[in-house]
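S.K.: This is the structure I have questions about; it appears just below.
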Amino acid sequence: MTEHTSDDHGIETLLDEVMNGTAERDRFNQINLLLRRDKSLCFDVVNYAELNAELQKSAHHRDPLSFFLNERQVEKKAGRRMATVLGAVASLALVAVVGFMIAIYSPAPPAAGKLVGLSADAIWSGEGYRPGDLILERMTVTIKKGIASFKLNNGVVISIEGPTTIQATNSEETRLLKGLLYAAVPEKAIGYTVRTEDAEIIDLGTVFVVERNEQSGTRVVVNKGVVEARAINNTGQSNVHELTAGLAMQFQGGVGVSSDPASWLQITDLSQRMERIGNGIEKMDGDIRISSSYPTNLREDIVPTNGHLLVLHEEMRTEIQQELQLSGRFGEHQLEPGDVINSYLIHYNPLPSYGKGAKGSITFSRPIYAILDQTAELTKTDSLFSDGNMQYSNDEFRGMEVDDTISLSEDRRTLYLHPGVHQDNYLDQLRILFLNARQ
């Protein structure tokens, strides 16, 4: 219980004036203001009102011979007025107390998961979300453009591509109201379900895509593993269809209207678009975004980032042909012939008008082998980890500056970044290397 000093809010002085009948309208307004600022005062007001009501009641039961007749008449009128005032104040305080208790004992719904990935071109409908934000049970989320990835509490990772609207019923079930949903389900979460107006899709340990629109209904495409799918209709009875990798099925108006092999091109295209957000990245927090496409020019002001740091997937599984010595903020590293490397480039290029540095963290699925944050090391490895068509900056301050904040977790999986914005230098880049295999 909150403890107060004798009159740390001035509330007792105000209540004394009310009890004495000398309070003007502005004093009642002050009491209301104090109650709104500090809900714990409601209990004090109720107790104070009850105590004074008892005192007033006691006073009215004193021996009538102790009062002159005219004094008794005045006392009765004052008593009735005081009782009315006390009743009003007590009622007001009681309403405030009830509201306060409802707020305490009506907590927000539990979290179904967390936003762990977001493309740089993402546009939300209504409230915007940043990596690290929670998605609550029964929360409806709409993305108008771009790709967002959520990791549910049971380990399922779902990615949605705008325009899409979902409702996270809980971590075991998601309602797809419209749009495109990609689900990667670990073995421990078998039974995860996606529902649409037309169909129910139950995972049996797999990767699958569900697409829903008003014109063609619901389409299910299985990338890996097996799902059970059934139509939802008014009778509540429908056949269960088992779909394996490479199969697709269409549901419309509560009927499974067609089943056919999904084209390999369709599956590959969907997978590449969705997996680009989470490929090798476990989660992101803060001002971090992933490029949903790979630009061909990373010179100054060509790909502005403003309020975020941009993560770019570079060449995956690059095989090193000759020995290469590298150095960075976290030590020196040597690449040997035959080493297979995965790489990412962090790009930060706010416009001069933005005026502040972005801040965020990235957690990868494996330990980081090397971080190249100096211009010379970036230039040395540009051609090695790009397809040869990329144009990089020739600026001598392209890398991170000494006062740019870069830190690495003890397990080397989480990288914390907070580059500053320096006069006449609005471009910062660093390269992250992972040792995929060593002979």
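The values are calculated or read from the model by the stated rules, or taken from the named source; none is laboratory data. The model shown is predicted, which means the values in this text are computed figures rather than measured ones. Heads up, the Cβs are rebuilt from the backbone with ideal geometry, glycines too, and the neighbour counts pull from every protein chain shown.
S.K.: When you go through (1) in contact (Cβ under 8 Å) with a residue 40 or more places away in the chain; (2) charged (D, E, K, R); (3) in contact with a Pro (Cβ under 9 Å, 6 or more places away or on another chain) one by one for residue 319, which number turns out not to apply?
M.R.: The one condition residue 319 does not meet is (1).
S.K.: Got a number for residues in segment 331-360 being outside any strand (DSSP E or B) and surrounded by 16 or more Cβ atoms within 10 Å (Cβ to Cβ)?
M.R.: 6
S.K.: Is it true that residue 396 is assigned by TED's automatic domain parsing to the domain that holds residue 316 and modelled with pLDDT under 90?
M.R.: On the way: assigned by TED's automatic domain parsing to the domain that holds residue 316: yes; modelled with pLDDT under 90: yes.
Spelling it out, residue 396 is indeed assigned by TED's automatic domain parsing to the domain that holds residue 316 and modelled with pLDDT under 90.
S.K.: Do you know which of the residues in segment 350-370 that are aliphatic (A, V, I, L, M) and at pLDDT below 90 is farthest from residue 435 (Cα to Cα)? Let's see the steps before the verdict.
M.R.: First, the residues of segment 350-370 that are aliphatic (A, V, I, L, M): 351, 358, 362, 368, 370.
Checking which are at pLDDT below 90 leaves us with 351, 358.
Details: 351: 34, 358: 28 Å.
Within segment 350-370, the match that is farthest from residue 435 (Cα to Cα) is 351.
S.K.: Among 205, 191, 128, 155, which is the only one that is outside any strand (DSSP E or B), in contact with a helix residue (DSSP H, G or I) (Cβ under 9 Å, 6 or more places away or on another chain) and either buried (at least 23 other Cβ atoms within 10 Å of the Cβ) or without any contact (Cβ under 8 Å) to a residue 24 or more places away in the chain (or both)? Give the steps one after another, and end with the answer.
M.R.: Details: 191 fails: in contact with a helix residue (DSSP H, G or I) (Cβ under 9 Å, 6 or more places away or on another chain); 128 fails: in contact with a helix residue (DSSP H, G or I) (Cβ under 9 Å, 6 or more places away or on another chain); 155 fails: either buried (at least 23 other Cβ atoms within 10 Å of the Cβ) or without any contact (Cβ under 8 Å) to a residue 24 or more places away in the chain (or both).
Within the list 205, 191, 128, 155, the selection yields 205.
S.K.: Same structure again: Quick one: is residue 351 outside the structural domain of residue 117 (by TED's automatic domain parsing) and in contact with a Leu (Cβ under 9 Å, 6 or more places away or on another chain)? Steps first, please.
M.R.: Details: outside the structural domain of residue 117 (by TED's automatic domain parsing): yes; in contact with a Leu (Cβ under 9 Å, 6 or more places away or on another chain): no.
Against the criterion (outside the structural domain of residue 117 (by TED's automatic domain parsing) and in contact with a Leu (Cβ under 9 Å, 6 or more places away or on another chain)), residue 351 does not qualify.
S.K.: Working only within segment 294-303, note down all residues that are surrounded by fewer than 14 Cβ atoms within 10 Å (Cβ to Cβ) and out of contact with any strand residue (DSSP E or B) (no Cβ under 9 Å at 6 or more places or on another chain).
M.R.: 301
S.K.: Another one. Within segment 301-330, work out how many residues are in a loop (DSSP other than H, G, I, E, B), on the phi < 0 side of the Ramachandran plot and under 36 Å from the mean Cα position of the chain (by Cα). Outline the logic, then answer.
M.R.: Just the residues of segment 301-330 that are in a loop (DSSP other than H, G, I, E, B), to begin with: 301-308, 314-317, 320-323, 329-330.
Okay, now just the ones that are also on the phi < 0 side of the Ramachandran plot, so 302-305, 307-308, 314-316, 320-323, 329-330.
Next, from what is left, pick out any that are under 36 Å from the mean Cα position of the chain (by Cα): 302-305, 307-308, 314-316, 329-330.
Number of matching residues: 11.
S.K.: So which of 387, 373 is crowded, with 16+ Cβ neighbours inside 10 Å and modelled with pLDDT under 95? Steps first, answer last, please.
M.R.: On the way: 387 fails: crowded, with 16+ Cβ neighbours inside 10 Å.
One residue alone meets the criteria, 373.
S.K.: Just checking, how many residues over segment 208-247 are in contact with a Lys or Arg (Cβ under 6 Å, 6 or more places away or on another chain) and either over 20 Å from residue 158 (Cα atoms) or assigned to a loop (DSSP other than H, G, I, E, B) (or both)?
M.R.: So the answer is 3.
S.K.: (1) within 30 Å of residue 129 (Cβ to Cβ); (2) modelled with pLDDT of 80 or more; (3) crowded, with 17+ Cβ neighbours inside 10 Å: which one isn't true of residue 270, the others all being true?
M.R.: Condition not satisfied by residue 270: (2).
S.K.: Determine which member of the set 184, 122 is over 14 Å from the mean Cα position of the chain (by Cα) and surrounded by 17 or more Cβ atoms within 10 Å (Cβ to Cβ).
M.R.: Values: 122 fails: over 14 Å from the mean Cα position of the chain (by Cα).
Just one listed residue meets the conditions, 184.
S.K.: Do you know which residues across segment 291-349 are at pLDDT 85 or above, of a type in the set (Val, Ile, Thr) and either touching a Lys or Arg at 6+ places or on another chain (Cβ under 6 Å) or more than 26 Å from residue 420 (Cβ to Cβ) (or both)?
M.R.: Correct list: 318, 320, 340, 341.
S.K.: Could you check residue 383 against (1) assigned to a loop (DSSP other than H, G, I, E, B); (2) farther than 22 Å from residue 300 by Cβ; (3) free of Cβ contacts under 8 Å to residues at least 40 places away in the same chain; (4) not β-branched (Val, Ile, Thr) and say which number it fails?
M.R.: So residue 383 meets the others, but not (2).
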